[in-house]
Amino acid sequence: MKTSRMNRTNKWPYLFITPYFLFYAVFSLFPIFFTLYLSFTDWDLFGNKNFVGFDNYVQLFMHDKFFWTSLWNVLVFIACYLPALVLIGMLIASLIESKLIRRKTFFRLSFFSAYMTTPVAIGIIFALLFDWQGGFVNNLFIELGWIQDKVNWLGSPAWARWIVIMMIFWKNLGYFIMFYAAGMASIDTSIYEAAEIDGASAKSVFFRITIPLLKPINLFLIITSIIGGLQLVEEPMLLYSGWASGTSMTGGPDGSVFTPIWYMFDASFSGSSFKYGKGAAIAYSTFLFIALFSLMGIKWLNRDGDST
């Protein structure tokens, strides 16, 4: 009698969490597996879903230069802005948390405000800054005498990449600073006091105490930045949407800012023909590279711990 009453009582928690799992299955699991199925078809939304096996993936990896160009672009972006974010973010956070700064909350919020800016606003701001005709950067450089003629920043493949890198750096710097500042604030002050008594220099304290103790935060920031970088799409797409700059081109000049997710969107929803099978294959191929580079990043960051 007592056992049956306990069994009836134990059913209620499962009953209450059932709606969550139902919604998760319908709105998350089903789209995930349906997209995987679509990647093996040539469905164009209107016709039949013809099963083509691995043809989409073979075409993508063996013959599609646009996919490899888009993947190379995001890897270049990550390789440029991620080390700068780690180094500069850590230095600024250490300055904010030092005894030289009193209004720490003000500076934290000031840097973090850029991260809260929407991608639409960021794209429009940088498009206006680097506009060829009336952009602020061209006008400023001409006034300073650094250039004689206006530069078509958004029309140059090299400059287009650097503008996107600056966009991502500007947006995420405050995010990195907030994490590093929180990590430094949580370090026991007695550790720094002991190092000061031992005569350690500020440089030694930073490299031998602060950075090693921030390793979990570095691991989190670097891995999430790799994942976010490979999923990059809003900022370069909005920069070349033509809303503010008047320059509308898919992937930027010579595809210099084309990204895998932008390519997925372009293949699936742009043009006269919808290639949902190809778009799904691009999505899952990007996921494989995200998993690969994330594992490589985790392995590289934990190499010291593995060696010990």
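The values are calculated or read from the model by the stated rules, or taken from the named source; none is laboratory data. From a predicted model like this one, the values you see are computed outputs, not experimental measurements. FYI the Cβ positions are ideal-geometry reconstructions off the backbone, even for glycines, and counts take in every protein chain you see. Accessible surface is based on the protein model in full, side chains and every heavy atom, while ligands, DNA and RNA are left aside. Shrake-Rupley method; radii C 1.70, N 1.55, O 1.52, S 1.80 Å.
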Expressed in nm to one decimal, what extension gain is obtained for the pair residue 65 and residue 182 from 0.36 nm per residue of sequence separation less their Cα-Cα distance?
37.8 nm
Once amide H atoms are placed 1.01 Å from N in the peptide plane, what residues at a sequence separation of 5 or more from residue 41, or on another chain, have their amide H within under 5 Å of its amide H?
52
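Normalised by the residues of the range 56-301, what does the relative contact order come to in percent, with Cα pairs under 8 Å and at least six apart?
Working: 284 pairs, mean separation 72.3, N = 246.
That works out to 29 percent.
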Cα centroid distance between the range 146-209 and the range 65-114, in Å?
5
Summing -39500 (n - 2.57) over every DSSP H run of at least 4 in the chain, dividing by its residue total and rounding to the nearest 500, the 222 nm mean residue ellipticity is -21500 deg cm²/dmol
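Find out how many positive minus negative residues lie around residue 276, taking Lys and Arg as positive, Asp and Glu as negative, among other residues whose Cβ is under 11 Å from that of residue 276. Mind dumping the intermediate values first?
On the way: positive: 49, 275, 278; negative: 42, 44.
Residues near residue 276 contribute +1 overall.
Distance cut-off 25 Å, Cα to Cα: go down the list 104/203; 104/215; 171/203; 203/299; 171/299 and report the pairs above it. Intermediate results must be reported in sequence, preceding the final value.
Numbers: 104/203 22 Å; 104/215 23 Å; 171/203 28 Å; 203/299 27 Å; 171/299 27 Å.
Table pairs above 25 Å Cα-Cα are 171/203; 203/299; 171/299.
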For labels at residue 141 and residue 250 in the simple 7 Å Cα→Cβ model, what's the distance in nm?
3.0
Leaving out ligands, DNA and RNA, and with a 1.4 Å probe, what % of the accessible surface on the range 9-117 is carbon or sulfur?
73
Could you calculate the FRET efficiency of residue 289 with residue 88 from 1/(1 + (r/R0)^6), where r is the beta carbon distance between them and R0 is 35 Å, rounded to 0.05?
0.85
Along the Cα→Cβ direction, 7 angstrom out, place labels at residue 219 and residue 24. What is the inter-label distance in nm?
2.4
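Could you report the chain's accessible area per residue, 1.4 Å probe, as an integer in Å²?
Working: 18490 Å² over 308 residues.
I get 60 Å² per residue for the chain.
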Using a Gaussian network model of the chain whose springs link C-alpha atoms within less than 10 Å, name the residue from 282, 142, 168 with the highest mean-square fluctuation.
142
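Could you tell me which helices of the chain pass both thresholds, a Cα extent of 30 Å or more along their own axis and a mean Kyte-Doolittle hydropathy of at least 1.0, with helices taken as whole DSSP H runs? Spell out each step's value before the answer.
Working: long enough: 2-24 (35 Å, -0.53); 65-96 (45 Å, 1.89); 157-186 (43 Å, 1.02); 276-301 (37 Å, 1.21).
Going by DSSP H runs, the hits are 65-96, 157-186, 276-301.
Ranked highest first by the average count of other Cβ atoms within 10 Å around their residues, in what order do 222-230, 25-33, 284-292 fall? Could you put the intermediate results ahead of the total?
Numbers: 222-230: 18.1, 25-33: 10.3, 284-292: 15.7.
Highest mean packing first, the order is 222-230, 284-292, 25-33.
What trypsin sites (Lys or Arg not before Pro) in the range 40-139 are in a loop by DSSP, with at most 11 other Cβ atoms within 10 Å of the Cβ? Before the final figure, lay out each step's value.
Numbers: sites: 49, 65, 99, 102, 103, 104, 108; in loops: 49, 99, 102, 103.
Here the trypsin sites (Lys or Arg not before Pro) that fit, given the DSSP loop and packing criteria, are 99, 102, 103.
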